[in-house]
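Bear in mind that the values in this text are calculations on the coordinates, not laboratory data. Only a predicted model underlies this, so the values are computations on that prediction, with no experimental measurement involved. Cβ sites come from the backbone with ideal geometry, for glycine too, and all protein chains shown count toward neighbours.
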Amino acid sequence: MALTDHQISENSPIRALDEAAINRIAAGEVVERPASAVKELIENAIDAGATRITVDVADGGKTLIRITDDGRGIAPDQLALAVSRHATSKIDGSDLLNIHTFGFRGEALASLGAVGRLKITSHAPGEDAAEITVTGGRTDPVRPAALSAGTVVELSDLFHATPARLKFLKSDRAEQQALSETVKRLAMAEPYIGFVLRDLSGGGERVIFRCEPEMGEPQTALKSRLTRVMGAEFTENSLAVEAEKEGYHLTGFAGLPTYSRGAAVAQFLFVNGRPVKDRMLMGALRGAYADVLPSGRHPAAALYVDCDPRLVDVNVHPAKTEVRFRTPGAVRSLIVNGVRDAIHSGATRTSSTVADDTLKAMEPAPRVYQMDRTRSAPIPRSFAEAPQPFAPSARAEPEPEAPADAPLGAARAQVHGTYIIAQTEDGVVIVDQHAAHERLIYEDLKAQMAENGVAAQALLIPEIVELPEDQAQTLLNLADVLSRLGLTLEAFGPGAIAVQETPAVLGPINAGALLKDVLDELDGYGGSDLVQEKIEAVLSRVACHGSIRAGRQMRADEMNALLRQMEATPLSGQCNHGRPTYVELKLSDIERLFGRS
Ligand code: ADP
Ligand code: MG
């Protein structure tokens, strides 16, 4: 067999690699790209107690990365140690499980000095300012320098010594993007520290991101930092999370279900101040919303798990963002329940963006009229798409019989047999009756389920449903579980089922359609254990069947009852599929529409 290039043709002796080679190999793990160098250097500044950190970069970090901090500095006689491998001031090696700092391996500076030109200038209190340079692994002697306080670490020409790695880097723009993300994520983790990110490419000085150190209580500081980094829309549409379990502490903000995204792009998780992308944590977050978001929608959230460092292993890999918890089950349920509680406390809220979207859709477009006189003036969309006037059923109700301060107000009319219009103290609420009712039934079913099981209503004449034999068998195998859901089934010859009872809250329903939906939901879920896991999904399907259909006329008292029930029901701001159940327009919004304010 012919030898390939990378096989060794003769017995080579075993050689110890020199320090520079060792550092270059280690660097491959620690420093993949400019963003990872930025991360290591910012973490060092945070560990040094900095309150302001400035990050200057050029050409996506490829030619220059410079981090300036106001931390405790490095004494001149420590500089050479700082850049040597496995030298750290942060642990003494006796307890690798009890780590309170970001760094502890003593690898980053040595690695950076191996793959670029590293210059550290530092001034520790009571010492002289000094600097040291390391180029391609070669360290120059420490020299006196001028710097009033803190540390400046400058890394230039990253990977110039390893052209192969340089080739793997993406465009300046892409690298810049990645390192901006890194800075922002660390800024989210450290609200009390101020950050500035500047791009010095081409001799310019462009501020890309800036946030001042935040003040106040932790939740307050965190909220303003998240507003700064993620935008006001996120914090306005999210709920504070605060929970504790078995030594793990959870804080942060979780987005309203109606403020969801099409991809998991707005999910930020931190463990003991470290940004992580841990699968288990992501899964727990998904689980917390399983009940209020359809598949394909993703919650927005910034969540912080803190614990004694002995309860979590962050030692998995220097550049990776996975962690290992001592009791993962506790962390999972902490997140699922903590976030759920927060969403429930936000009870009936829908996101403000829903009302904003409504307003946008309603706003006429005055600019078009002015700017383009040659075309005929467009008809405002809301009229163009609603050629019919109010449905004949729209009738003014006598005095509202709702308390003056009821959040959802008093029903005034039903329009198009689908929407309830209610008047509140300072605005108008439009309710999608079907979506709202579906949510109410679902919450009712869940509550019953949590107690003694869903109350069933016997059918006078059992409904016989024909099904493919295997499907009929699937349902019959699950008869016990389904009877707890208020659905009593019996075999009725091959390929047929007699439905004896249905959930009482649903009222009269089409049992055949209900069974098919339940089967869809259980597709692939054979055993009754698995059904237990899917109970909420099944209940959600069941709820659909009992809801007031769009198109059904409602009396004033029915409408008001629905509004009051919504106010009293958790999560009534969205239907089972995550769509809003109502929108609210404040009088001030309406006045704006009419140019009255
Ligand atoms: P580690 O962070 O794992 O200790 P590093 O190679 O990143 O390893 O840093 C080595 C040492 O240099 C640190 O332990 C710390 O004592 C010192 N150091 C690095 N950066 C700074 C800084 N910005 N301010 C003060 N000391 C620093
Ligand atoms: Mg470090």
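So, counting K/R as plus one and D/E as minus one, what does the shell of residues with Cβ under 12 Å around Met188 add up to?
My count for the surroundings of Met188 gives +3.
Treat each spin label as a single point 7 Å out from the Cα along the C-beta direction, and report the Glu127 to Glu246 distance in nm.
Spacing of the two 7 Å Cα→Cβ label points: 4.3 nm.
Work out how much length Ile430 to Thr220 would gain on full extension: take 0.36 nm times their residue separation and subtract the Cα-Cα distance, in nm to one decimal.
Result for the pair: 72.3 nm of gain on full extension.
Hey, got a sec? Which GluC sites (Glu not before Pro) in region 205-311 land in a DSSP loop and have at most 14 other Cβ atoms within 10 Å?
Listed in order of number, the matching sites are Glu205, Glu246.
Going by the alpha-carbon gyration tensor, a ≥ b ≥ c the square roots of its eigenvalues, is region 246-292 rounded (a/c under 1.5) or, if a/c is not under 1.5, prolate (a/b greater than b/c) versus oblate?
Numbers: a/c = 1.81, a/b = 1.54, b/c = 1.18.
Judged from the Cα gyration tensor, region 246-292 comes out prolate (a/c at least 1.5, a/b above b/c).
Would you please state which residues of region 553-586 a label at Ala447 would reach in this model, taking the label point 7 Å out along Cα→Cβ and a backbone N cut-off of under 11 Å?
Counting backbone N atoms under 11 Å from the label point, the list is 565-570.
HN-Hα J couplings of region 51-68 from phi, Karplus 6.51/-1.76/1.60, θ = phi - 60°, integer Hz, Gly and Pro as x?
After applying 6.51 cos²θ - 1.76 cosθ + 1.60, I find 10, 9, 10, 10, 10, 10, 9, 9, 6, x, x, 6, 9, 8, 9, 9, 10, 10 Hz.
Order of 277-285, 170-178 by packing, highest average Cβ count within 10 Å first?
277-285, 170-178
Give the peptides 445-454, 500-509 in descending order of average Cβ contacts within 10 Å, highest first.
500-509, 445-454
For region 424-476, what does the equivalent ellipsoid look like in terms of its semi-axes, each the square root of 5 times an eigenvalue of the Cα gyration tensor, given largest first in whole Å?
Listed largest to smallest, the semi-axes of region 424-476 are 36, 16, 12 Å.
Between Arg52 and Ile590, what is the spin-label point distance in nm, taking each point 7 Å from the Cα along the Cα→C-beta axis?
5.0 nm
Working out 0.36 nm times the residue gap between Glu469 and Glu490, then minus their Cα-Cα distance, what length gain in nm do you get to one decimal?
6.2 nm
Tell me, in nm to one decimal, what length is gained between Asp18 and Ile535 on full extension, where the rule is 0.36 nm per residue of separation less the Cα-Cα distance?
Taking 0.36 nm per residue and subtracting the Cα distance, the gain is 180.0 nm.
Between Asn477 and Asp157, what is the label-to-label distance in nm when each label sits 7 Å out along the Cα-to-Cβ direction?
Simple spin-label model gives 6.9 nm for this pair.
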